[in-house]
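Chemist: Can you keep this structure in mind? I'll have questions shortly.
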Amino acid sequence: MKSLSLIATFLLFISYAVCINAAGTSSPIKSPTFVRTETFPRPPYSGATYYIYEQAGQVICTKLEVCNKFDECNSQYLNGTYKDQEDVQTGAPYSKTDAVAIAPGKIDKHVCLKKYRLN
């Protein structure tokens, strides 16, 4: 019975040491990165879509993609919050999407985040 108690104590000590080691060597948990969109009309027959990347409530960068009626697009990547003067004058966007979390394995596929990521 004494050996069973000793084994239980030893296992408890080992599990405690493993927990301490894991807590001490782990990197800080980063908050997830989100992307949301806002779309504005651009005459004639084109539109501007803003991809707004956020982390911990702060905007990291904005991708502005302007496409014409033939789906030919130009993209700009800008640090922080950005809105073109033409779209500011338009007012509210005509469509929006809710923020969606980006999977950690997909972060590097987003040019805006690779360019302006705050580590």
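The values are calculated or read from the model by the stated rules, or taken from the named source; none is laboratory data. Predicted, not measured: the structure shown is a model, and the values here were computed from it. Cβ: placed from backbone, ideal geometry, glycine included. Neighbour counts: every protein chain shown.
Chemist: Out of the residues in region 80-103 that are touching a residue at least 12 places away in the same chain (Cβ under 8 Å) and part of a helix (DSSP H, G or I), which is nearest to the chain's Cα centre (by Cα)?
Modeler: In the first step, residues of region 80-103 are kept if they are touching a residue at least 12 places away in the same chain (Cβ under 8 Å); the result is 80-84, 86-87, 90, 93-102.
This time we only want the ones that are part of a helix (DSSP H, G or I), so: 86-87, 90.
Values: 86: 27, 87: 24, 90: 27 Å.
Once the filter is applied, the top-ranked residue is 87.
Chemist: Sort out which residues of region 107-119 are surrounded by 11 or more Cβ atoms within 10 Å (Cβ to Cβ) and either without any contact (Cβ under 8 Å) to a residue 40 or more places away in the chain or under 12 Å from residue 39 (Cα atoms) (or both), and write them in order of number. Spell out the reasoning first.
Modeler: Initially, region 107-119 is screened for residues surrounded by 11 or more Cβ atoms within 10 Å (Cβ to Cβ), giving 107, 110-117.
Hit for region 107-119 is 114, nothing else.
Chemist: Mind listing whichever residues of region 43-56 are at negative phi, surrounded by fewer than 17 Cβ atoms within 10 Å (Cβ to Cβ) and of a type outside the set (S, T, N, Q)?
Modeler: The answer is 43, 44.
Chemist: Go through region 57-72 and count every residue that is assigned to a strand (DSSP E or B) and surrounded by 13 or more Cβ atoms within 10 Å (Cβ to Cβ). Outline the logic, then answer.
Modeler: Taking region 57-72 as the starting set, the residues that turn out to be assigned to a strand (DSSP E or B) are 58-67.
So of that shortlist, the ones also surrounded by 13 or more Cβ atoms within 10 Å (Cβ to Cβ) come out as 59-67.
Matching residues across region 57-72 total 9.
Chemist: Quick check on my filter: what residues within region 87-101 are at pLDDT below 95 and surrounded by 13 or more Cβ atoms within 10 Å (Cβ to Cβ)?
Modeler: Of everything in region 87-101, just one residue is at pLDDT below 95 and surrounded by 13 or more Cβ atoms within 10 Å (Cβ to Cβ), namely 90.
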